[in-house]
Amino acid sequence: MKKRHVCANCLNDTSVRNISFDKSHICNFCKAYLDIKPQLDDYQRLEQLFVERIERVRGKYDYDAVVGISGGKDSMFLLHQLVYKYKLKVKAFTMNNGFFTDEARENIDRLVAEFGVEHEYITYDSEMLKKFYHYSMSKWLVPCIACSYIGYASMINYASKVNAGMCIHGRSPEQMLRAYNNDVFADLLDAGLKSINDVDINSLYNRLLGGISQKLDKQLMEYAGGMLFNDVDPSDFREFVAYFLYHPYDEKEIVEFLENNTSWKVRGSDYVHYDCKVHNAVRYIYQCAEGRPHVLPEVSALLRMGDISREEAEKLIKNAWLDNPPEDELNFLCDYAGVSRKSVMFKAKVYNKVLMK
């Protein structure tokens, strides 16, 4: 069994997909981040870029922006800021992906009424969803790849469907930057750091979606294409904007803001992924496959950004370890996706053995 090599700057090790190290033992993700760090720290310029984007579309469409909301802290905070700080006319929607919790729905229903925002639940054909999740789990062991693709496709399509000027999402910086330089969405970040006048949106999005489609089964894409992109004009894409690329992000401050200024609430202390029924099942599968908590790349991103110390990062990784399998979640996930739990866990163990050779 080989010893895992750890980055000298963050905690990423050789278990992280597509990682490499230079002679100073710095990983490629740290090096890529350092290249754009000056731009990410210039919040005066970032605010100008965001305002430029919203003023470009304000009042020119039926809605200024669409926002996909899950009931989680980030999307609900984002919705509040767009309505109250930036005074945008927003249409919100929620994709019912089959894993949506009742508690998240309660928060959504309560807050969209509180904010006075139009909102719609999007329910796709259950067979289409199950085919996507079956494929994703059969190939990657988890449903997240399919869920992300459907989510992004839904936002891009929905903006065209309701005639909104842009899509705005609430991915956190550590999610966006955990694999920067080796992520299909890196081009979106690079484009977001430019003036909108210097970005060819149609070319960018056609290239991006084409790249994603190559990772998915051709027959599956043909089957789902009409459902996911039936309203999109390939010559008239609406920009997909990352709110937290342009604004400071502090998870605790966001939660405190929502608790103090809105009726948003979560039962218990796990407010991070309470909106997903199978989050712990996914954590466990990844853990078995990778031999460590799957949050390692995100925690490493927080560390390289200077948001936490190395000691704090190591503690987060330790606390993220699951000692026991979440039986109910694993069974529900595998049943829904039509895959054998035994087969999934066997593949995870095989992957781990190959990884550790």
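The values are calculated or read from the model by the stated rules, or taken from the named source; none is laboratory data. Treat the numbers as computed from the prediction; the structure is a model and nothing was measured. Positions of Cβ are backbone-derived with ideal geometry, glycine not excepted, and every protein chain shown enters the neighbour counts. With ligands, DNA and RNA removed, areas are computed over all heavy atoms of the protein, side chains included. Shrake-Rupley method; radii C 1.70, N 1.55, O 1.52, S 1.80 Å.
With the cut-off at 1.5 for a/c, could you classify segment 149-202 from its C-alpha gyration tensor as rounded, prolate or oblate? Because a/c hits 1.5 or more and a/b fails to exceed b/c, segment 149-202 counts as oblate. Taking Asp270, Asp62, Asp102 in turn, the Gaussian network model of the chain (Cα-Cα springs below 10 Å) assigns the largest fluctuation to Asp270.
For segment 1-125, what number results from the quotient of the Cα radius of gyration and 2.2 N^0.38 Å?
Values: Rg = 20.6 Å, N = 125, 2.2 N^0.38 = 13.8 Å.
Normalised by 2.2 N^0.38 Å, the Cα Rg of segment 1-125 equals 1.49.
What is segment 79-197 by shape, rounded, prolate or oblate, if you read a ≥ b ≥ c off the alpha carbon gyration tensor as root eigenvalues and call it rounded for a/c under 1.5, prolate for a/b larger than b/c, and oblate otherwise? It is oblate, given that a/c is not under 1.5 and a/b is not larger than b/c. Highest GNM mean-square fluctuation among Asn96, Asn230, Asn319, for the chain modelled with Cα contacts below 10 Å: Asn319. Largest GNM mean-square fluctuation across Ser24, Ser235, Ser343, computed for the chain with C-alpha springs under 10 Å, falls on Ser24. Shown is the FRET efficiency for Ser138 and Arg17, computed with R0 = 30 Å from the Cβ-Cβ distance and rounded to the nearest 0.05: 0.95. Say R0 is 35 Å: what FRET efficiency, to the nearest 0.05, do Ser343 and Asp42 get from their beta-carbon distance? Efficiency computed from Cβ-Cβ geometry: 0.10.
Distances over 18 Å make up what percent of all Cα-Cα pairs in segment 257-357? The partial results should precede the final answer.
Details: 3006 of 5050 pairs.
Tail of the P(r) past 18 Å holds 60 percent of the pairs.
Charged neighbours of Asn261, selected by a Cβ distance under 13 Å, balance to -1 (K, R count +1; D, E count -1). Protein heavy-atom surface of the chain, 1.4 angstrom probe: 49% of the accessible area is carbon and sulfur, with nucleic acids and ligands not counted.
For the pair Asp233 and Arg110, a Förster radius of 30 Å applied to the C-beta separation gives a FRET efficiency near 0.30, rounded to the nearest 0.05.
Report the far tail of the P(r) of the chain, meaning the percent of Cα-Cα pairs longer than 39 Å.
Working: 7642 of 63546 pairs.
In whole percent, the share of Cα-Cα pairs in the chain beyond 39 Å is 12.
With contributions of -39500 (n - 2.57) from each DSSP H run of at least four residues, the per-residue ellipticity at 222 nm computed over the chain stands at -16500 deg cm²/dmol. For the listed residue pairs Lys131/Lys353; Lys265/Lys315; Lys73/Lys252; Lys252/Lys315; Lys89/Lys277, the alpha carbons are over 20 angstrom apart in Lys131/Lys353; Lys265/Lys315; Lys89/Lys277.
Can you tell me the relative contact order of the chain? Whole percent, Cα pairs under 8 Å, sequence separation 6 or more.
Numbers: 475 pairs, mean separation 87.1, N = 357.
Computed over the chain, the figure is 24 percent.
Remark: spin-label model distance Asp35-Ser126 equals 4.7 nm, labels positioned 7 Å along the Cα→Cβ axis. How much of the DSSP bridge set in the chain is antiparallel, in percent, rounded to the nearest 5? So the antiparallel bridges in the chain amount to around 15 percent.
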